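Here the structure is laid out as structure tokens; the discussion comes afterwards.
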Amino acid sequence: MTEQHPALRLRRVGTIGAGGVESGYAIENVSFVCEGGTWTALAGPARAGKTSVLRCAAGLDPVTAGEVRLAAGLRLAHVGLLPVAEQLATVGTLDSALGLLPAGSAEILRDALHRLGLWEERDVPVDDLTESLQRAAAVAVAVATTPDVLLADDLTHGLPPATAAAILDLLRDGVDRAGLCVVATAGDLASLERADAVVLLAEGRVVETRVMP
């Protein structure tokens, strides 16, 4: 990717809050870019606008000001922005997902299942998995579809530490080895440590953008 054509660009993005025009903007004048092969963390207090930024980037909420742009030909996936059950609605079992994917993608999913502790659960209907395993499964399936840009909200919130670390490491490998562009909310130090850049939000605005050492 070049600086002129980043994988994902938000330019002065805003969206009206749920209360309509009178309530002001849920987010306003949000701008940042994410290159392929980088991880951008969205940080800030509760109600800072992190989820709204991701929903606008994913096309789930209307953008009422500014623009969201993907580089030509790129594909986007999102994890954690919708209920996990909806994300996995077409997946009966993880083993059936393996059978439906092309060979290269199936190999990626097979590796992800091993790393996330899901291999022994591959024949279990996803509806019968625990919530934490369903969330891990959603990540594995999303990564296996080899998107160019992956958006994630509250990716590891409430997960056992080992599962959370495995998910973060899996995505970091996708960034480093496959050129994946990740934009994810960061609720803990472990998420920030994986990031290449941090966009700090407060009251729906960007207050600082920092490149991590």
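Readers should treat all values here as calculations from the given coordinates under stated rules, not as data from a laboratory. Model, not experiment: these values are computed from the prediction. In this analysis, Cβ positions are derived from the backbone assuming ideal geometry, glycine residues included, and neighbour counts consider all displayed protein chains.
Exposure proxy check: Leu42, Leu82, Leu200, Leu180 ranked by fewest other beta carbons within 10 Å? Kindly include the intermediate steps, with their values, before the conclusion.
Working: Leu42 28, Leu82 15, Leu200 18, Leu180 23.
The order, fewest Cβ neighbours first, is Leu82, Leu200, Leu180, Leu42.
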**Asked** For segment 45-94, rounded, prolate or oblate, judged on the Cα gyration tensor with a ≥ b ≥ c (square roots of eigenvalues), a/c < 1.5 rounded, else prolate if a/b > b/c?
**Response** oblate
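Based only on the alpha carbon positions, what is the Kirkwood hydrodynamic radius of segment 61-170, in angstrom?
Numbers: mean 1/r = 0.0684 Å⁻¹.
Taking the inverse mean of 1/r over all distinct Cα pairs, segment 61-170 comes out at 14.6 Å.
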**Complete:** In a Gaussian network model of the chain with springs linking alpha carbons closer than 10 Å, the residue among Glu120, Glu35, Glu131 that fluctuates most is Glu120
**Prompt:** What does the charge dipole of the chain about its Cα centre add up to, to the nearest 20 debye, if the Cβ of each Lys and Arg holds +1 and the Cβ of each Asp and Glu holds -1?
**Reply:** 620
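Taking the highest mean first, how do the peptides 205-211, 56-62 order by number of other beta carbon atoms within 10 angstrom per residue?
56-62, 205-211
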**Asked** Once Rh for segment 144-213 is found with the Kirkwood sum over Cα pairs, what is the Stokes-Einstein diffusion coefficient at 37 °C and 0.692 mPa s, in µm²/s?
**Response** 253
**Message:** If I take R0 = 35 Å and measure r between the Cβ atoms of Ala46 and Ala178 in this structure, what FRET efficiency does the formula 1/(1 + (r/R0)^6) give, to the nearest 0.05?
**Reply:** 0.60
**Prompt:** Using only the Cα atoms of segment 120-169, what do you get for the radius of gyration and for Dmax, in Å?
**Reply:** 11.2, 30
**Complete:** For Glu35, the residues 5 or more places away or on another chain with a placed amide H closer than 5 Å to its own amide H are Ala7
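Can you tell me what the convex hull of the Cα atoms of the chain projects to on average, as an area in nm²?
Values: hull surface 47.0 nm².
Result: 11.7 nm².
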